[in-house]
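Enquirer: This structure is in structure tokens; I'll ask about it shortly.
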Amino acid sequence: MLRKDKIRVVVADGQPVTVLGLQTWFETRERYRVVASATCEEQLLSKLRDADGELVIVGCALGAHARPAADQFGILRKLRECVPHTPLVALTTDSRTLAVRAMQRAGADGIASTRDDLKDLGRVCERVLSGVKGVISPRIAAGLESERRNAQAFHPDTIYREVRLSATTLAARM
């Protein structure tokens, strides 16, 4: 059965130009309608109460200046509390494994890079809307794979075997 109404999307990012770009891109798609947008955390949380969105796309840097570094993805936790059953896609520049896992634990159903093509963001949104959890964009996946390869390349027995010195050898050289 095909939907007759458009999917209601809420977009938020700390950069107004990013919000405008997301609004424009989603509005030009037949399937979506942007029902709310925000450029700060407080604005987003107040608009969410009235927006009745079916998908939230948020830049992870939104409100980061007001949070301690240890709570880097607090906005995702707040959104998960505010709209617990609404699919949530996080936009980020960080593709490190620890950061991706932290975003997923904080409540992101999908993660896309701010450097992704918009068609890749669209694919992440489609998969998240279909109920899939843990969706990542190709650029985020490539970053994770690169980090994994670099971690495997470091092996202390092979890289530093020739550099190891015993304490007595080191003391004798001084």
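The values are calculated or read from the model by the stated rules, or taken from the named source; none is laboratory data. This one's a predicted model, so the numbers in the text were calculated from it and none came from an experiment. Cβ coordinates were reconstructed from backbone atoms using ideal geometry, including for glycine residues, and neighbour counts include every protein chain displayed.
Enquirer: Being at pLDDT below 90, touching a strand residue (DSSP E or B) at 6+ places or on another chain (Cβ under 6 Å) and farther than 19 Å from G110 by Cα: is that true of A66 here?
Expert: When the stated conditions are applied, A66 does not pass them.
Enquirer: A further question on this structure: Cβ-Cβ distance below 6 Å, separation of 6 or more or different chains: which pairs start in segment 93-114 with a residue that is within 14 Å of L144 (Cα to Cα) and end on one that is among the small types (G, A, S) and part of a loop (DSSP other than H, G, I, E, B)?
Expert: Listed pairs, sorted by first residue: A112/S137; S113/S137.
Enquirer: Separate question: Which ones in segment 6-50 are free of Cβ contacts under 8 Å to residues at least 24 places away in the same chain and closer than 19 Å to H85 by Cβ?
Expert: D50
Enquirer: Six or more apart or on different chains, Cβ atoms under 7 Å: show the pairs whose first residue is in segment 145-158 and part of a helix (DSSP H, G or I) and whose second is surrounded by 10 or more Cβ atoms within 10 Å (Cβ to Cβ) and modelled with pLDDT of 60 or more.
Expert: E147/R96; E147/T97
Enquirer: Right, another one. Residue under question is E54, and the condition is that it be of a type outside the set (K, R), in contact with a Lys or Arg (Cβ under 7 Å, 6 or more places away or on another chain) and over 28 Å from S146 (Cβ atoms); does it hold?
Expert: Spelling it out, E54 is indeed of a type outside the set (K, R), in contact with a Lys or Arg (Cβ under 7 Å, 6 or more places away or on another chain) and over 28 Å from S146 (Cβ atoms).
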